[in-house]
Amino acid sequence: MEILDNMKKVFEEKFGHPAKRSFFSPGRVNLIGEHTDYNGGHVFPCAISLGTYAVVADRTDDKSRVYSMNLEDKGVVEFPMSGLQYDKAKDWANYPMGVVDVFEKAGHKAAHGFDIVFYGTLPAGAGLSSSASLEVLMSVILEDAFGFGLDMVEMVKLSQKAENQFVGVNCGIMDQFAVGMGKKDCAILLDCNTLDYRYSKIALKDASIVITNTNKPHSLASSAYNVRRAQCEHALNELKEVKPELGALGELSNEEFNKLAGHISEQLERQRARHAVYENNRALEAVQALEDNDIEKFGKLMNESHFSLRDDYDVTGVELDTLAETAWSVPGVIGSRMTGAGFGGSTVSIVKNDAIDTFKKTVAEKYTAKIGYAPSFVVASISDGTHRID
Ligand code: GLA
């Protein structure tokens, strides 16, 4: 494989000895069920064939050296395998460091360090979970080397913990779960309340999943994300005053929510909670439609998901709205919506294969005219989760 051969060459140049093992970890795209994971609802993501590769060799001491071919100017970063703390100067290496740290704290101490070269094919900032991809990758490298006996769901949870507690980003479980548990040609219906999940085959016949990246340079996603979480939590607490057994917004039907919504005092928080509840139920309805081969209905529910994220949850912005609105106007587009946290990043669209060229052309023209720079496109194939290659 050309990518791995190239990485092995770089490995020898940087470290002066050969790499011994190689790994791949996908990115993810969420088809529907957005901002529901931390509200105890359902998500429906799949792992994609773009992701992060690693070539690895053991060291005999307690130190690791890591190098990213995407961030050459950061050079080789070194860190010890115990007692780690977040270090801003180490930049991207905080992701693998965070995983080493949460493993150690969970009683899975690495007996030695590694030399590792990483290379990612996910566009940065595209909302396709490059950080979760790297975290689960590091988890699998550790488990593979030391045989702690962790299964993938346990590694997924530790990877999320690394992001929450070490890196300090308060994400839900969806990204790490999709990356670790992905399965070729399937999306995962995951109940984020219980972590029950099942695979659902994605057979789109004459259509494909097209990811369109806004290429928006900066976004304030993380602070706005935390505000949404806090608003939903506050709304839930108000609902608990009248329904004490309620554990999460994801437990409510739309009808139950409408009956109770008057107990949420702030209008804005009522909207946020409504999105969480409706989107969860919409995701379940959409999976049912897909499994009934009603792809048109699935697409319509994707569009409704975008409306709700735009109007009630307010996480789209002009870039994502322009992409989605333009997509809706193109014949052969079955559905289109923002995917991931929002504020920038990407949309996911289901497009008839014979309409993909027109879709790209129309969306690129209209988006560039309005926003001032071009979007980019990837036709996604659905991949397996994080694994060792050789
Ligand atoms: C980000 C987070 C996920 C999830 C999505 C929104 O990707 O990392 O946990 O909350 O946003 O659905």
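The values are calculated or read from the model by the stated rules, or taken from the named source; none is laboratory data. Predicted model, so just to flag it, every value in this text is computed and none were measured. Cβ atoms come from the backbone with ideal geometry, glycine included; neighbour counts cover every protein chain shown. Just the protein is used for accessible areas: all its heavy atoms, side chains included, with ligands, DNA and RNA removed. Shrake-Rupley method; radii C 1.70, N 1.55, O 1.52, S 1.80 Å.
General remarks:
- Heavy atoms of D311 accessible to a 1.4 Å probe, total area in Å² rounded to 10: 80 Å²
- Rounded FRET efficiency, nearest 0.05, which uses the C-beta distance separating E325 from E255 and R0 of 25 Å: 0.25
- The string of couplings for segment 329-340 from the Karplus curve (6.51, -1.76, 1.60, θ = phi - 60°) is 7, 8, x, x, 8, 7, x, 7, 7, 5, 10, x Hz, one whole number per residue in order, with x for Gly and Pro.
- For the pair N226 and Q267, label points projected 7 Å from Cα toward Cβ lie 2.8 nm apart.
- Listed residue pairs exceeding 25 Å between alpha carbons, taken from K201/K366; K8/K88; K88/K109: K201/K366; K8/K88
- Per residue solvent-accessible surface (Å²) - the chain, probe of 1.4 Å: 41 Å²
- R0 of 41 Å, Cβ-Cβ distance E365-K105: FRET efficiency to nearest 0.05: 0.20
- Karplus (6.51, -1.76, 1.60) ³J(HN,Hα), θ = phi - 60°, over segment 259-272, in Hz, Gly and Pro reported as x: 5, 8, 4, x, 7, 8, 6, 8, 4, 5, 5, 4, 5, 4
- Estimated dipole of segment 267-390 in Debye, rounded to 20 [Cβ of Lys and Arg +1, of Asp and Glu -1, Cα centre]: 280 debye
- Crossing angle, helix 94-105 versus the chain [Cα axis fit, 0-90 degrees, rounded to tens]: 80 degrees
- Electrostatic dipole magnitude of segment 142-274 [Cβ: Lys, Arg +1; Asp, Glu -1; Cα centre; debye, to 20]: 420 debye
- Built from the Cα atoms of segment 172-211, the convex hull projects on average onto 3.4 nm², one quarter of its surface area.
- Relative contact order %, segment 63-122, counting alpha carbon pairs below 8 Å whose residues are six or more apart: 46 percent
- Shown here for segment 238-301: GluC sites (Glu not before Pro) in loop regions (DSSP other than H, G, I, E, B) with at most 15 other Cβ atoms within 10 Å, namely E245, E266.
- Taken over the C-alpha atoms, the chain has Rg and Dmax values of 21.1, 67 angstrom.
- Placing +1 on each Lys and Arg Cβ and -1 on each Asp and Glu Cβ, with no other charges, gives the chain a dipole about its Cα centre of roughly 480 debye.
- Near-label residues of segment 189-209 by backbone N, under 17 Å of a point 7 Å along Cα→Cβ of K240: 193-194
- Heavy atoms of H108 accessible to a 1.4 Å probe, total area in Å² rounded to 10: 40 Å²
- Accessible area of segment 1-91 belonging to carbon and sulfur atoms, whole % at 1.4 Å probe: 44 percent
- In percent, rounded to a whole number, the relative contact order of the chain is 24, using alpha-carbon pairs under 8 Å and six or more apart.
- Taking segment 162-255 and dividing mean pair separation by its residue count, relative contact order in percent (alpha carbons under 8 Å, at least six apart): 16 percent
- Between helix 356-371 and the chain: long-axis angle, C-alpha atoms, 0 to 90°, nearest 10: 90 degrees
- Axis angle, to the nearest 10 degrees, between helix 2-15 and the longest C-alpha principal axis of the chain: 50 degrees.
- Inter-centroid distance (Cα atoms) of segment 32-52 relative to segment 166-220, Å: 3 Å
- With a threshold of 23 Å on the Cα-Cα distance, the over-threshold entries among K9/K74; K157/K184; K157/K216; K14/K90; K157/K297; K63/K105 are K157/K216; K157/K297.
- Label positions at D58 and H112, each projected 7 Å from the Cα along the C-beta direction, are separated by 0.5 nm.
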